[in-house]
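Contents: one structure, followed by commentary.
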Amino acid sequence: MNRFRQRIWQAPRSVFERDTDRKASFLELFYDLVFVVTIATLTHGLSAHLDLNGILSYIFLFIPVWWAWNNGTFYHDIHGNNDVRDRFFTFLQMFAVAAMAVFIHDGMGDTSQAFALAYAAHASIIAFLWWRAHRHEAAMSDIHIYIIWPYVISIILFLVSVWVDPPWRFVMWGFAMFLSLVGPLKIAKRQNRQKEHQEVSATGITKSLIERFGLFTIIMLGEIIVGVIQGLGEHQPASLDMWTLAGLGMLIACGLWWLYFDFTNERPVKPLPWNRMLWTYIHFPITLSIASLGAAMINIVAHPNVPPSVEVRWLLCGSIALALISITILLKTLVTRPEIMLHFRIGSSIMIASSLISIGLGIWGSVLNPVPLMSVILALVLIPVFYGIGVWLFFDPIED
C-alpha cells in the first residue's frame, strides 16, 4: 500500500533529497515541447510586424512565456517527483501554456484578455505547487514566501486586467511581471547576508538545470533554422542568392551553438547567490535574441535582391549583438580554471568587439544587400568561434 501511495501522490521532494547529478527526464523534455509552439507562434508574429510596436510587443510577451518555463523548470528540479501527481500537474501546465500559444499571436490586441487568463491559469498551478512545497518543507518556508506572494499578486493583476482597457491592462501586466522577477532577487539578497547552507542547496544551479537551459537554448536555435526554411519556401524555385542566404543563416545558427556550448555549457556556476541569479536571468536575453533571429531570417532569405529594411537590419544586427553580449556576461558567472582564465577573457573581448561592429552595421549598413550583410554577420560570429576552437584544441574548458 505504501508503494502504491508513493507512485500515486507523494509529498514534494525535499530539497535535502535533491539529485544534483541527474539528467533531464522525458517528462521535462515533453513539457518543453509546448513552449516550442508558443515561442514559434510569437516569433512568426514578429516576422510579420517588424516595426517598433511589433518588436516591443514581442519582447513584452516573451517575458511571461520565459518566466512560465523558468519557474516550471526550477520547481521540478527542486521538488519534483516521478509520480502520478507530478505528471498530472505537468500536463495541466502544458494545457495552460498551449492556451497561451493559441492567444499569443495577437496577445497585445484582440486576444489579450484570453492570453491574460491563460497565463493566470499557468501561474496558479505553479503557485499551488510552491505552496505545497512550502507546507512540507519547513526549513525552506521563508524562501518559498518570496516566490509564492509575487505569484499570487501577479495572478490577481492578470485576472483583474481582463476588465481593464488598454493601455492600463498592459501596465498591470508589466507591474505583475516586475514583482515576479524581483521576488527571487530578494532570495539572493537574503542568502548573501545569511549564507545558510540549506538555502544554497535549494537554489543552486545543478547539472540538470544547466542541461535544461542548454536544451531550451537549442530550441531557440531551431527558430533560426525554421526561419531560414520558411524564407526559402516563400519563393520557389529559390534563386542562388536565396540558397546562399539560407546557408549563411544556417552557419550563423551553428556558430551561436558553438559559442554557447563550448564557452559556457557544462561549466559549473559560481556558488555566490548573485552569480546564480545572474546566470538564470541572463538566459532571458540569450533566448530572446536567438529566437528573434528566426524572424529576421524569414524576411532576409525571402528578399535576397534588395537591401533589408531598417527594421529587418536592426532586428538582425541587434539580435546578434545582444546574443554576444549576453553570452559574455554569462561567462562571468561560471567557474573557470586559472590556466585558461586569460583565454576566456580574450574570447569575451572578441565577442564584445563583434557585438559593437554588429551595432555599427545596424546604424550604417543600409547600403549592403542581404548576402554581404549576412556574410559580415557570420564573420562576426565565427571570429570568436575560431578562437574558441583554438582553446578547445589545446585545453579542455570543462575539465575538473
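The values are calculated or read from the model by the stated rules, or taken from the named source; none is laboratory data. What you are looking at is a predicted structure, and each value in this text was computed from that prediction instead of being measured. So basically every Cβ, Gly included, is an ideal-geometry build from the backbone, and we count neighbours across all protein chains shown.
Take the residues in region 260-299 that are assigned to a loop (DSSP other than H, G, I, E, B) and of a type outside the set (Ser, Thr, Tyr); name whichever of them is modelled with the lowest pLDDT. Give the derivation first.
Here is the first cut: in region 260-299, the ones assigned to a loop (DSSP other than H, G, I, E, B) are 264-268, 270-272.
From what's left, of a type outside the set (Ser, Thr, Tyr): 265-268, 270-272.
Working: Asn265: 63, Glu266: 69, Arg267: 78, Pro268: 84, Lys270: 83, Pro271: 77, Leu272: 78.
Among those residues, the one meeting the criterion is Asn265.
Can you confirm whether Phe394 is under 26 Å from the mean Cα position of the chain (by Cα) and not polar (S, T, N, Q)? So Phe394 fails the test.
Just need a number here: residues in region 106-122 that are in contact with a helix residue (DSSP H, G or I) (Cβ under 6 Å, 6 or more places away or on another chain), over 18 Å from Leu33 (Cα atoms) and either part of a helix (DSSP H, G or I) or not polar (S, T, N, Q) (or both). Write out each step before concluding.
Here is the first cut: in region 106-122, the residues in contact with a helix residue (DSSP H, G or I) (Cβ under 6 Å, 6 or more places away or on another chain) are 107-108, 111, 114-116, 118-122.
Still in the running and over 18 Å from Leu33 (Cα atoms): 107-108, 111, 114-116, 120-121.
Checking which are either part of a helix (DSSP H, G or I) or not polar (S, T, N, Q) (or both) leaves us with 107-108, 114-116, 120-121.
Matching residues across region 106-122 total 7.
The set of residues from region 65-89 being in contact (Cβ under 8 Å) with a residue 24 or more places away in the chain, part of a helix (DSSP H, G or I) and more than 22 Å from Pro150 (Cβ to Cβ) comprises Val84, Arg85, Asp86, Arg87. Tell me whether region 360-369 contains one or more residues that are more than 30 Å from His235 (Cα to Cα) and buried (at least 23 other Cβ atoms within 10 Å of the Cβ). No, the conditions are met nowhere in region 360-369.
In region 70-84, the condition of being modelled with pLDDT of 90 or more, within 24 Å of Ile224 (Cα to Cα) and in the same structural domain as Pro184 (by TED's automatic domain parsing) is met by at least one residue.
So, in region 260-299, how many residues would count as being under 25 Å from Leu50 (Cβ atoms), touching a residue at least 40 places away in the same chain (Cβ under 8 Å) and either of a type in the set (Gly, Ala, Ser) or touching a Lys or Arg at 6+ places or on another chain (Cβ under 8 Å) (or both)?
Quick first cut of region 260-299, residues under 25 Å from Leu50 (Cβ atoms) only: 283-299.
Next cut, touching a residue at least 40 places away in the same chain (Cβ under 8 Å) only: 283-288, 290-299.
If we keep only those that are either of a type in the set (Gly, Ala, Ser) or touching a Lys or Arg at 6+ places or on another chain (Cβ under 8 Å) (or both) as well, we get 291-292, 294-296.
Result for region 260-299: 5.
If we scan region 300-322, do we find a residue that is touching a Lys or Arg at 6+ places or on another chain (Cβ under 8 Å) and crowded, with 20+ Cβ neighbours inside 10 Å? No: zero hits.
Do we have any residue at all in region 283-304 that's farther than 29 Å from Leu61 by Cα and in the same structural domain as Asp241 (by TED's automatic domain parsing)? Yes - at least one qualifying residue is present in region 283-304. Scanning region 50-64 finds one or more residues that are part of a loop (DSSP other than H, G, I, E, B), in contact (Cβ under 8 Å) with a residue 12 or more places away in the chain, surrounded by 19 or more Cβ atoms within 10 Å (Cβ to Cβ) and not assigned by TED's automatic domain parsing to the domain that holds His303. Got at least one residue in region 154-175 being assigned to a helix (DSSP H, G or I), within 22 Å of the chain's Cα centre (by Cα), without any contact (Cβ under 8 Å) to a residue 12 or more places away in the chain and under 22 Å from Gly54 (Cα atoms)? No - not one qualifying residue is present in region 154-175.
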